[in-house]
Amino acid sequence: MQHTSKLPNVGTTIFTVMTALANEYNALNLSQGFPNYPSAQKLNDLVNSAMNSGYNQYAPMAGNLELRLAISNKYQLLYGSTYHPEKEITITAGATQAIYTIVSAFIRPNDEVIIFKPAYDCYQPAIEINGGKTIPIQLSAPDYKVDWNEVASKISSKTKMIIINSPHNPSGTIWSKTDMLQLQKLTSNTNIIILSDEVYEHIIFDGKEHQSVCTFQDLKQRSFITASFGKTFHNTGWKVGYCCAPKKLMSEFRKVHQFNVFSVNHPAQKGIADYMSDKETYLGLNQFFQQKRDLFLSLISKSKFKYKPSQGTYFQVLDYSEITNQYDVDFAKFLTKEFKIASIPLSVFNKDDNDEKVLRFCFAKTDETLVKAGEILCKI
Ligand code: PMP
Ligand code: GLN
């Protein structure tokens, strides 16, 4: 039997590789983005109680209606933006499934999709397995600023979609209102769909505000928002997320969604719906993670790493160019084996694996782990 791979250049994700290496070498794992402390007892209890009170069969295809209502209320409260719970919100198996489903619902062979590099790793394979063409725009450390003239030059009649992500994984930077207005201007009067990956919307620091696409009227009409409860409620293993979009876009999304997942874990949805009724459950996240970011930065302030404080997400990127000239993937592996601390090299998310000597560290960890990490990083 012979077959030609549809994704010939795809290997195992860096998250899987680095976590396996961290486990093998018994290293502190600050690589893959997940908390090492438990999700809230109250939330766990609510999911248990959903199971015990019968939420054990298929949820509706678009998701548990109470959860969609809770999400709709959140958009109203935070952004003054209306998403109809029945027609414009769908619960997904994490943001990854939402992203894959959006891309496969709209991208045809030879359609172009613009992405900004370094880019989260699931965008490009989703585009390419559907026959689309990725048009990368490379941003550079340490500011990862967008040159909007370059974006304008990359938009063509073949551009079907632009994928954006703020707060940004892996760089920890955020887009300003001016960035969003530029995007709005460049796409107005086009058929371009925006996929706005906002999984870190509640993790943003120093009093800055998240610029959701839904607050820009023209952008909202052409946009999907993707989100992840795994990130918001510290339980990445539950794989529950959602997406929002105007009715016309969402109805195309659901045509695919109903056949690639149909519906998502029901007791988790019901438990999350009940938990979200207290808005502090998500509004408190900024402060929670700002304390962790500040602790981490204070612990490494005397190290040889250079950095700009993360503006959002639970990642901090560190420049190691004053330590070594080693290729970042090799250096990340070396640190895991020899110093017992695992991180994520950024080159794997860049165009042509461009290496800027930057590693990403996840600070969604207990203070005890962060202290240990700080001690190690100061010795390097
Ligand atoms: N987008 C970004 C930018 C991410 O960092 C992640 C990982 N949380 C995802 C999407 C996928 O989220 P999920 O785990 O809910 O599939
Ligand atoms: N989103 C997580 C990160 O950026 C990884 C999720 C995964 O392993 N696919 O670290």
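Each reported figure results from applying straightforward, stated rules to the coordinates on display, with no laboratory input. Predicted model only: the values in this text are computed from it and were never measured. Note: ideal-geometry Cβ built from the backbone for every residue, glycine included; neighbour counts use all protein chains shown.
For the chain, DSSP calls about 45 percent of its internal beta bridges antiparallel. With a simple spin-label model that places each label point 7 Å from the Cα along the Cα-to-Cβ direction, the separation between residue 56 and residue 206 comes to 5.1 nm. For residue 99, the shell of other residues with beta-carbons less than 14 Å away shows a net charge of -2, using +1 for Lys and Arg and -1 for Asp and Glu. One quarter of the surface of the convex hull around the alpha-carbon atoms of segment 228-380 equals 12.1 nm², the direction-averaged projected area. Sorted ascending by nearby beta carbons within 10 Å, beginning with the fewest, 104, 228 become 104, 228. Pull out the extension gain between residue 371 and residue 278, defined as 0.36 nm times the separation in residues minus the alpha carbon to alpha carbon distance; nm, one decimal. Gain on extension, residue 371 to residue 278, equals 30.3 nm. In this simple spin-label approximation, residue 339 and residue 15 carry label points 7 Å from Cα along the Cα→Cβ vector, and these lie 2.4 nm apart.
Restricting attention to segment 221-274, which chymotrypsin sites (Phe, Trp or Tyr not before Pro) occupy a DSSP loop and are surrounded by at most 12 other Cβ atoms within 10 Å? Let's see the in-between values first.
Values: sites: 224, 229, 233, 238, 242, 253, 259, 262; in loops: 233, 262.
Here the chymotrypsin sites (Phe, Trp or Tyr not before Pro) that fit, given the DSSP loop and packing criteria, are 262.
When each of 362, 378 is scored by the number of other beta-carbon atoms lying within 10 Å, the sequence from fewest to most is 378, 362.
Excluding same-chain neighbours fewer than eight residues apart, the lysines reachable from residue 372 by a Cα-Cα span under 26 Å are 231, 292, 302, 304, 306, 308, 333, 337, 340, 357.
Under 19 Å from the 7 Å Cα→Cβ point of residue 221, by amide nitrogen: which residues of segment 162-185? Residues 162, 180-185 qualify, since their backbone N sits under 19 Å from the label point. Of the trypsin sites (Lys or Arg not before Pro) in segment 157-186, the ones in a loop by DSSP (not H, G, I, E or B) with at most 12 other beta carbons within 10 Å are 158. Need one number: the % of Cα-Cα pairs in segment 109-262 sitting beyond the 28 Å mark. The proportion of pairs with Cα distances above 28 Å equals 16 percent. In units of the compact-protein estimate 2.2 N^0.38 Å, the chain shows a Cα radius of gyration of 0.97.
So if I place +1 on the C-beta of Lys and Arg and -1 on the C-beta of Asp and Glu, and nothing else carries charge, what would the dipole magnitude of the chain be about its Cα centre? I want it in debye, nearest 20.
On the way: 40 positive and 36 negative charges, 99 e Å.
Taking the Cα centre of the chain as origin, the dipole is about 480 debye.
Simple spin-label estimate for residue 353 and residue 49 gives 5.2 nm between the two label positions (7 Å along the Cα-to-Cβ direction from each Cα). Among the GluC sites (Glu not before Pro) within segment 199-295, those in coil by DSSP and having at most 13 neighbouring Cβ atoms inside 10 Å are 209. Once you treat every alpha carbon in segment 63-184 as an equal point and sum by Debye, what is log10 I(q)/I(0) at q = 0.10, 0.14 Å⁻¹? Taken in order of the listed q values, log10 I(q)/I(0) reads -0.38, -0.74.
If the viscosity is 1.306 mPa s and the temperature 10 °C, what Stokes-Einstein diffusion coefficient in µm²/s follows for segment 51-93 when Rh is the Kirkwood radius over Cα pairs?
142
Along the charge dipole of the chain, Cβ charges K/R +1 and D/E -1, which of 169, 36, 48 sits furthest on the positive end? So the residue we want is 48. Working from the Cα coordinates of segment 189-253, the gyration tensor eigenvalues give, after taking √(5λ), semi-axes of 23, 17, 7 Å in decreasing order. Extension gain for the segment residue 327 to residue 304, taken as residue separation times 0.36 nm less the Cα-Cα distance, is 6.6 nm to one decimal. For residue 240, nonlocal amide neighbours, meaning residues 5 or more places apart or on other chains whose placed amide H falls under 5 Å from its own, are 94, 229, 230. The alpha carbons of segment 236-325 stretch over 52, 35, 25 Å along the principal axes, in descending order. Ordering 224, 210, 235 by the projection of their Cα atoms onto the charge dipole of segment 200-334, which places +1 on the Cβ of Lys and Arg and -1 on the Cβ of Asp and Glu, puts 224 at the extreme positive end. The fewest-to-most ranking of 3, 202, 210 by surrounding Cβ atoms within 10 Å reads 3, 210, 202.
At the listed q of 0.12, 0.17, 0.24 Å⁻¹, the Debye profile of segment 1-97, built from one uniform point per Cα, gives log10 I(q)/I(0) equal to -0.76, -1.03, -1.20.
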